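A.B. asks: Sharing a structure below in structure tokens format, with a few things to ask.
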Amino acid sequence: MIAALYARVSTQRQEQEETIETQIMAVKDFANKDGHTIVKEYRDDGWSGMILARPALDELRIDAKAKLWEGIIVYDPDRIARKYSYQALVIDELQDLNIQVLFVTTPPAVTDGDRLLYGVKGLFAEYERDRNADKFRLGKLRKARNGFIVNGPAAYGYDYILKTKDEEAHWIINEEEAENVRKIFHWVADEKLTIRGAIRRLHELGITPKKKRRGAIWTNGPMCRLLRNEAYIGKAYYNKNYAVVPENPKNNGQYKRVKKSSRRQRLKEEWIPIPVPPIISEELFYRVQEQLKLNQKYNKKNRKAKCLLPQKVSCVCGRPRNIEGVREHRYYRCSDRIYRFPLPRECNASGVNAYHLDDMVWGAVLKLFTNADLIKEQARKWTDRQLKEVDSSQGDILSSEKLLKKLNEEENRYEKAYGAGILTLEQLKERIGEVRLKKQSIQNELTKANESESKPVIDMVQIDNLPQRFSSMLQSLSFEEKQLFLRSVVERVTVGDGTKVSVKGCIPVESEAQNDGFWTESRHRRSSKRRKKYIV
């Protein structure tokens, strides 16, 4: 019989181990033994048996209609498909064309019992596949819950170390890549770079990604995932995503090796954390997350006009005011009619000329930062507070020193009692240990108090020059720099129905040690900020 052969393996690992060659060798031995002549080979390398649309299988079915050979030889029915219904479909189609189908592991079906055997084997192959998949899934879950890395490549900044007899697979820090990771995070957190700005700088420095695709350049997707990856603070995750069939697939071709080529994220409660060596601090990581939110909020795509206060203006009704209009006719208008549509609007506040409002707010902020009397008053209050704290700390230091002297005398008494045989060694260790713990605590308090004595006091002479310096600096800012400055000091601009405008803002203070007059902003955020509150 003039015949063809068909062989299939489903994974890249099977391809590398040449199991498909083993199948073909067994099929050729079977053909030679029975006197069949193989004229053509059909191979599907790396194709799942759960997919019927395969290049070589489709070619085989087309050639069968052209009667290029009389029969087809396959190693086992599950090589045609892992799903019994797919097996039956292909075999019935070939038999209807008078093509004989032979299997190396299974004799040809002659009786109803033979056909039943084919059906049972097909169902068993499907069951075996599902059982193996579930067994691997449970094994990976157990391994991840024990804190071990479960397959998958290492993130940028790490190297993946394969499992050995002595230790499990794990990640180690790649110092060269880790240094690049630290640079990227500092660029975004400290220099306020956007994702595209970080990509541009990496390209200028000649730094390429780990997977050198698309001409060895960074793109938005990998950079965004890098900046949001908690592995860099020591928390890698398993069971984070699951595979689904894509709703809008990019590849609309006929052949797809994997049906479920898209990913969806599970609830965070289902993620399994795996400890890895951290590269950056948590404080830096969460500062970057906040900056990414700001970058998205103030993205040029989200701004319709060149105005100073995008996303900052709201209406007295509580709704945000959007920028609307064309060219020089731009207005901040209440978005109530948009949110209420198709219902009637509740807020009838009129729009406000965007450029006039920008000028008013900028003038008010400029006036605040160049007010010499206000600057001197605040500086004087700050200096007086520092001096009061120093005076109060002096009293604390004296009382702490007296207590420390008493503890030293008590320690000496215990040592003398032990020398006189009044206390045993165990009693001495117990009592002298308590005394030394108290001494250590007091010494720590004294260190902090001494540090507080060195707090700086403002030189009032230098304050006189600040208004002029602020004025010249603010007047020389570009439009983008003005936007950035107002974004940091103006919290909200509320516009009423008329001429009333209320501007609420805050001046960020770097030191967290100055607690007087501070308030906590956004308590429900991951990281709260402490600011001093002013009304412009």
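A.B. asks: Of the residues 20, 99, which is touching a residue at least 12 places away in the same chain (Cβ under 8 Å), over 22 Å from residue 9 (Cα atoms) and aliphatic (A, V, I, L, M)?
C.D. replies: Working: 20 fails: over 22 Å from residue 9 (Cα atoms).
Result of the check over 20, 99: 99.
A.B. asks: State yes or no: is residue 137 in contact with a Gly (Cβ under 8 Å, 6 or more places away or on another chain) and within 30 Å of residue 51 (Cα to Cα)? Walk me through how you get there before you give the answer.
C.D. replies: Working: in contact with a Gly (Cβ under 8 Å, 6 or more places away or on another chain): no; within 30 Å of residue 51 (Cα to Cα): yes.
It is false that residue 137 is in contact with a Gly (Cβ under 8 Å, 6 or more places away or on another chain) and within 30 Å of residue 51 (Cα to Cα).
A.B. asks: Give the residue, chosen from 49, 71, that is small (Gly, Ala, Ser), buried (at least 20 other Cβ atoms within 10 Å of the Cβ) and closer than 21 Å to residue 25 by Cα. Spell out the reasoning first.
C.D. replies: Details: 71 fails: buried (at least 20 other Cβ atoms within 10 Å of the Cβ).
One residue alone meets the criteria, 49.
A.B. asks: Condition check: within 21 Å of residue 287 (Cβ to Cβ), assigned by TED's automatic domain parsing to the domain that holds residue 277 and free of Cβ contacts under 8 Å to residues at least 24 places away in the same chain. Does residue 179 satisfy that? Show your work before the answer.
C.D. replies: Numbers: within 21 Å of residue 287 (Cβ to Cβ): yes; assigned by TED's automatic domain parsing to the domain that holds residue 277: yes; free of Cβ contacts under 8 Å to residues at least 24 places away in the same chain: yes.
So residue 179 passes the test.
A.B. asks: Being under 19 Å from residue 355 (Cβ atoms), among the charged types (D, E, K, R) and at pLDDT 80 or above is the filter here; which residues of segment 469-499 pass it?
C.D. replies: 481, 482
A.B. asks: Would segment 94-110 turn up any residue that is of a type in the set (Val, Ile, Thr), at pLDDT below 75 and either touching an Asp or Glu at 6+ places or on another chain (Cβ under 9 Å) or more than 21 Å from residue 26 (Cβ to Cβ) (or both)? Spell out how you get there, then give the answer.
C.D. replies: In the first step, residues of segment 94-110 are kept if they are of a type in the set (Val, Ile, Thr); the result is 99, 101, 104-106, 110.
Those still in the list that are at pLDDT below 75 too: 110.
Then keep just the ones that are either touching an Asp or Glu at 6+ places or on another chain (Cβ under 9 Å) or more than 21 Å from residue 26 (Cβ to Cβ) (or both); that gives 110.
Taking every residue of segment 94-110 in turn, at least one turns out to be of a type in the set (Val, Ile, Thr), at pLDDT below 75 and either touching an Asp or Glu at 6+ places or on another chain (Cβ under 9 Å) or more than 21 Å from residue 26 (Cβ to Cβ) (or both).
A.B. asks: Something else: In segment 314-328, what count of residues is obtained for those that are surrounded by fewer than 16 Cβ atoms within 10 Å (Cβ to Cβ) and without any contact (Cβ under 8 Å) to a residue 24 or more places away in the chain?
C.D. replies: Adding up the residues that qualify gives 3.
A.B. asks: Quick one: which of 267, 284 is surrounded by fewer than 12 Cβ atoms within 10 Å (Cβ to Cβ), among the aliphatic types (A, V, I, L, M) and modelled with pLDDT of 80 or more? I'd like the intermediate steps shown before the answer.
C.D. replies: Details: 284 fails: surrounded by fewer than 12 Cβ atoms within 10 Å (Cβ to Cβ).
267 is the lone residue from the list that is surrounded by fewer than 12 Cβ atoms within 10 Å (Cβ to Cβ), among the aliphatic types (A, V, I, L, M) and modelled with pLDDT of 80 or more.
A.B. asks: Additional query: For segment 353-374, which residues satisfy the criterion of being crowded, with 18+ Cβ neighbours inside 10 Å, over 17 Å from residue 310 (Cα atoms) and of a type in the set (A, V, I, L, M)?
C.D. replies: 368
To keep it simple, each residue is scored yes or no on (1) part of a helix (DSSP H, G or I); (2) small (Gly, Ala, Ser); (3) over 24 Å from residue 117 (Cα atoms).
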site	(1), (2), (3)
26	yes, yes, no
42	no, no, yes
63	yes, no, yes
79	yes, no, no
91	yes, no, no
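A.B. asks: hydroxyl-bearing (Ser, Thr, Tyr) and either under 32 Å from the mean Cα position of the chain (by Cα) or at pLDDT 75 or above (or both) - does that describe any residue in segment 445-456? Steps first, answer last, please.
C.D. replies: First, pick out the residues of segment 445-456 that are hydroxyl-bearing (Ser, Thr, Tyr): 447, 452, 454.
Within this subset, residues satisfying the condition of being either under 32 Å from the mean Cα position of the chain (by Cα) or at pLDDT 75 or above (or both) are none.
No - not one qualifying residue is present in segment 445-456.
A.B. asks: May I pose another question? Of the numbered conditions (1) outside the structural domain of residue 237 (by TED's automatic domain parsing); (2) of a type outside the set (A, V, I, L, M); (3) within 18 Å of residue 272 (Cβ to Cβ), residue 168 fails exactly one; give the number of that condition.
C.D. replies: (1)
A.B. asks: Go through segment 224-247 and report how many residues are of a type in the set (Asp, Glu) and closer than 22 Å to residue 209 by Cβ. It would help to see each step written out before you state the result.
C.D. replies: Within segment 224-247, the first condition is being of a type in the set (Asp, Glu), and the residues that meet it are 230, 247.
Applying the additional criterion that residues be closer than 22 Å to residue 209 by Cβ yields 230.
Total satisfying the criteria: 1.
A.B. asks: What residue, of 71, 46, is assigned by TED's automatic domain parsing to the domain that holds residue 116, touching a residue at least 60 places away in the same chain (Cβ under 8 Å) and in contact with a helix residue (DSSP H, G or I) (Cβ under 7 Å, 6 or more places away or on another chain)? Spell out the reasoning first.
C.D. replies: Values: 71 fails: in contact with a helix residue (DSSP H, G or I) (Cβ under 7 Å, 6 or more places away or on another chain).
When all the criteria are applied, what remains is 46.
The values are calculated or read from the model by the stated rules, or taken from the named source; none is laboratory data. Given the structure is predicted, the values throughout are model-derived calculations rather than measurements. Positions of Cβ are generated from backbone atoms using ideal geometry, with glycine treated the same way; all protein chains shown enter the neighbour counts.
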